[in-house]
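Have a look at the structure below before the remarks.
The values are calculated or read from the model by the stated rules, or taken from the named source; none is laboratory data. Since we're looking at a predicted model, the values are computed, not measured. Cβ placement follows ideal geometry from the backbone for every residue including glycine, while neighbour counts extend to all protein chains displayed. Keep in mind that these areas ignore ligands, DNA and RNA; they rest on the heavy atoms of the full protein, side chains included. Shrake-Rupley method; radii C 1.70, N 1.55, O 1.52, S 1.80 Å.
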Amino acid sequence: TVLARHANQPQALVQILRELQAEQGWLPREALMAVAQATGRTVADVEGVASFYRFLHLVPVGRYRVLFSDNITDRMQGSVALMERLCRRLGVAPGAVRADGRVSVAPCSCTGLGDQGPALLINHHQVITRLTEERVDAIADCIERQLPPAQWPAEWMQVEDPVHRADVLLGTPFAPGSALQAARALGRNGTLEQVQRSGLRGRGGAGFATGLKWELCRDAPGAQRCVVCNADEGEPGTFKDRVLLRRHAHLVVEGMTLAAWAVGARRGFIYLRGEYRFLLEHLQEVLRQRRAAGLLGPDIQGEAGFDFDIEIHVGAGAYVCGEESALLNSLEGHRGTPRIRPPFPVEVGYLGQPTTVNNVETFCAVAHILLRGGDWWASLGTPKSTGTKVHAISGDCARPGVYEYPLGTPVERMLEDCGAADTQAVQVGGPSGTCLSVTEFGRCIAYEDVPSAGALMVFDRRRDMFEVARNFAHFFAHESCGFCTPCRVGTELLARRMDKLAAGHGSRHDMSVLQELDTLLHQSTHCGLGAAACNPLRDTLLKFRPSYERRLQSLHFLPALDLDAELSIARAATGRQDAAAHWPPSHPTTP
Ligand code: SF4
């Protein structure tokens, strides 16, 4: 059974719940109670964890659970109309479950397939790419015929890896075990020294020096250490880790093993985002091959005492788990709430052990650095931003896909290579990154200029940049983990205020409220998600102000919310539907 497979370990809770749900379709209370009893956790705790993750369901959802990727590039390719079409064909309202319980259709955050969208997920397990009206109609037929998704046409689920520009990471052949051999010849300290000489900085977005992170982890007190690969690339518009995991999984795992060698870890995890569940079997096969080849497990490559192995943990649809301390909480079977830092994970990480968490691409870079030397890597890119960087380019361009360049490459070069024309804006680094306008395309992707975790979304002059920012505002409101009030409430207020402008009810007053929200969110949230939530608003207000101005129709103050609608929950709770329980009341009330 699922619980036995995980030896009733409480830290495996998210995996246990995921797998139970895959068997039962949803998580009834009896199942949660059984899990609580087996794992020694309280029912409230288990319920609290299950309710945190978007891909876990405490109420029945359709036996066919269809989730349309709602990233802005999917929308630009017609995803909204396609979702409406599927809903019409199936007779189900968006977000609802059909009366017969067979199907539900809803939007979800970016599925990491922006190069081959519009895309959707079926039952959190299978992806369907390149949606068209014909494909949507055929999906509806499959659902009505109750055909299991495994029997649907295989070409619908085909995921391609379009690499249009390869440099050292994507273009150099790699023999599994070769970097490990080089590292063992250098010794543990020599390995760390090469990573430090390379100047490599983490590719997940924050840009922390990898060698320093490893040194801090190695030197932190603790009997056990841990290495974690953050494969939770949830930033809308990015999909380069998907390609690295599919085409270069040995490189990723070798990089993790090198980290284990350098810091003295025996245990590792790949935290794979839930939307990439379709990569699980492939990654498990790579781990199996490496164990069989003596590249994982006890005494790696015959080196006595060099023991290291890796488990894969599949996420459950929470963008915030890309933040490393939230990821560790999730790995331990908790809600993916970011931790208070310090202490940092290098000191107190997985189960209190010193832990180094690095991005997929960072581990790939490390393997090449050990083969060719830290000085070689440092000679690429710029002095402050060494090496190459892999980018996922999507949106209005002829060749969406993956491109690798030395850091310091100008955005205009990338636009030229991907076949972008008449471009008015590029969103670098996803919604939490930077929006560049046409006068800034000469700027370079580098930590000292425009840093990027690896996503470039291209918008030509047909696009309304207000609508781009509004889509991003909804993304942050949807993904706020709810832990701190400024973010939980502020992101929702931001999205609603943008909706008000979109509906043509905006006034100058709304613009000042938006700016107040920007200040509030930037200064008072617990983690980077809330702090970055207004970045798209700030950039587009500054650079594309006319797209806001033309929505300011009203000279008068108009409330941003429908007070009567807001009171509906209170009316439901108190069982009142009389006139005095509405706003405005239809007759005067007496005390
Ligand atoms: Fe959660 Fe947002 Fe607060 Fe981060 S800022 S802890 S995502 S509520």
Which FRET efficiency value, to the nearest 0.05, do you get for Lys384 and Ala150 by plugging their Cβ-Cβ distance into 1/(1 + (r/R0)^6) with R0 = 45 Å? 0.35
Could you tell me whether segment 64-160 comes out rounded, prolate or oblate from its Cα gyration tensor? Rule is a ≥ b ≥ c as square roots of the eigenvalues, rounded for a/c under 1.5, then prolate if a/b exceeds b/c, otherwise oblate. oblate
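Can you tell me how much longer the chain between Ala34 and Ile340 gets when fully stretched, taken as 0.36 nm per residue apart minus their C-alpha distance, in nm with one decimal? Mind showing how you got there, number by number?
Working: separation 306, 0.36 × 306 = 110.16 nm, distance 3.15 nm.
Here the segment from Ala34 to Ile340 would lengthen by 107.0 nm.
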Before I look further, what does the chain give for accessible area per residue, probe 1.4 Å, in whole square angstrom? 40
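For Ala579 and Val438 in the same chain, what is the full-extension length gain: residue separation times 0.36 nm, less their Cα-Cα distance, in nm? Display every interim value, and only then the final one.
Numbers: separation 141, 0.36 × 141 = 50.76 nm, distance 5.50 nm.
Net length gain for the segment: 45.3 nm.
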Which pairs in the list Lys240/Lys384; Lys389/Lys500; Lys213/Lys240 are over 29 Å apart, alpha-carbon to alpha-carbon? Lys389/Lys500
Is the shape of segment 164-378 rounded, prolate or oblate, going by the alpha carbon gyration tensor and its root eigenvalues a ≥ b ≥ c, with a/c under 1.5 for rounded and a/b larger than b/c for prolate? rounded
So what are the ³J(HN,Hα) numbers for segment 273-290, from phi and the Karplus equation (6.51, -1.76, 1.60; θ = phi - 60°), rounded to whole Hz, Gly and Pro as x? 4, x, 5, 9, 3, 5, 8, 4, 4, 4, 5, 4, 5, 4, 5, 4, 4, 6
At a Förster distance of 30 Å, what's the computed FRET efficiency of Gln224 paired with Glu281, Cβ-Cβ distance as r, to 0.05? 0.55
Provide the per-residue ³J(HN,Hα) series for segment 538-551, in order, calculated from phi with Karplus coefficients 6.51, -1.76, 1.60 and θ = phi - 60°, each as a whole number of Hz, with x at glycine and proline positions. 4, 5, 6, 4, 6, 9, 9, 4, x, 5, 8, 4, 6, 9
Rounded to the nearest 5, what is the percent of antiparallel bridges among the DSSP beta bridges in segment 64-160? 55
What is the spin-label model distance, in nm, from Leu212 to Glu516 if the labels are put 7 Å beyond Cα along the C-beta direction? 3.9
Using alpha-carbon positions, the gyration tensor of segment 427-536 gives root eigenvalues a ≥ b ≥ c; with a/c under 1.5 called rounded, otherwise prolate if a/b exceeds b/c, else oblate, the class is oblate
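At a 10 angstrom cut-off on C-beta neighbours, averaged per residue, how do the peptides 337-348, 20-31 rank from highest to lowest? Mind dumping the intermediate values first?
Values: 337-348: 17.7, 20-31: 15.9.
Going from most to least packed, we get 337-348, 20-31.
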If one takes the longest principal axis of the Cα atoms in the chain, at what angle in degrees, from 0 to 90 and to the nearest 10, does the Cα axis of helix 178-198 lie? 60
Spin-label model distance (nm) - Arg266 vs Asp141, 7 Å beyond Cα toward Cβ: 5.7
Modelled FRET efficiency - R0 51 Å, Arg462 with Thr485, Cβ distances, 0.05 increments: 0.85
Hypothetical label at Glu193: residues of segment 370-391 whose amide nitrogen lies under 12 Å (7 Å Cα-Cβ projection): 374
Here the gain from full extension of Gln523 to Arg508, 0.36 nm per residue of separation minus their alpha-carbon distance, amounts to 3.1 nm
Listed by chain and number, the residues whose amide H is under 5 Å from that of Thr111, excluding neighbours fewer than 5 places away on the same chain and using placed H, are Asp70, Asn71
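So for each of 293-299, 527-533 I average, over its residues, the number of other beta carbons within 10 Å; can you give me the resulting order with the highest mean first? Display every interim value, and only then the final one.
On the way: 293-299: 16.0, 527-533: 22.1.
Highest to lowest by the protection proxy: 527-533, 293-299.
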Protein accessible area in the chain, 1.4 Å probe - carbon and sulfur %: 53
Can you give the convex hull volume per residue for the Cα atoms of segment 499-577, as a whole number of Å³? 123
